[in-house]
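> The structure under discussion is supplied below as structure tokens; questions concerning it will follow.
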Amino acid sequence: MPNPFDFSSYSWQVRKFSRFLMSSGCNFAEISGRMHLLAIAAERDLARFGEAPEESQVACGPGCGTCCVLNVSVLIPEAVAITWFLQRRFSAEELDLLQLRLQELVRRTRWLDDEERLFVRESCAFLNEQGSCIIHSVRPLLCRAISSTDPETCRDAIAMVPLDGPPTVEMNLFQKRLIDTVYCELGGALEFLGLDHQPKRLSSAVLALLAEPEILEIYVSGEKVPIH
């Protein structure tokens, strides 16, 4: 049975909430806190309005990095939240190693479109040796939107990219649409507030903020952030 959820009304509510959240906050801690509130609200709404667990059949779990070979776009507040999390959670030595991994990933994938990135199988720099995401609690909205309902089919679809082109992955469509809505309305809120609302590559954005924290001042001032 189709979910009768009113996405038009939901978009309007998220738009108001996003504008309220992003209308203030000028440092890493404050912007991260606002992104946390937005992500928590989205997860709450997903649990409240989504399908029952036995019907949604979301099969994603720790250690499965099958889809972590995709280009991921983030908005600046998301990258700020991830950077703040990393700075508080990891040592200086660990951050140095992470920056090296990010630099290498950016070098290898800078000019690759989505299909080319899938083809070369360049995994996300935020996967640890066990294949688990080290930023899972602050992961980007578009990562939260992906929710395979069949891990084997998902792996097969990704593996067949060289032969069949872009994969078709079975997923929880309600979850994808709801989180996509939050992402789009967050971008709209940033534009409304005169802040940089252009999507950035996840790796490039976090690498830039780790290396040059002063970039945040450019964002807060309303100027275009020099990240691609």
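> Take the alpha-carbon centre of the stretch 21-43, take the same for the stretch 169-205, and report the distance between them in whole Å.
Centre-to-centre (Cα) distance: 14 Å.
> Further question: Full extension from GLU104 to ALA29: what is 0.36 nm times the residue separation minus their Cα-Cα distance, to one decimal in nm?
Taking 0.36 nm per residue and subtracting the Cα distance, the gain is 24.2 nm.
> Amide H neighbours of MET171 under 5 Å, counting only residues 5+ apart in sequence or on other chains, H built in-plane at 1.01 Å?
Sorted by chain and number, the residues that satisfy this are THR149.
> In addition: What spacing in nm lies between the two simple spin-label points modelled at GLU214 and ARG177, each 7 Å away from Cα in the Cβ direction?
Here the answer is 4.7 nm between the modelled labels.
Readers should treat all values here as calculations from the given coordinates under stated rules, not as data from a laboratory. None of these values were measured; they are calculated from a predicted model. Cβ sites come from the backbone with ideal geometry, for glycine too, and all protein chains shown count toward neighbours.
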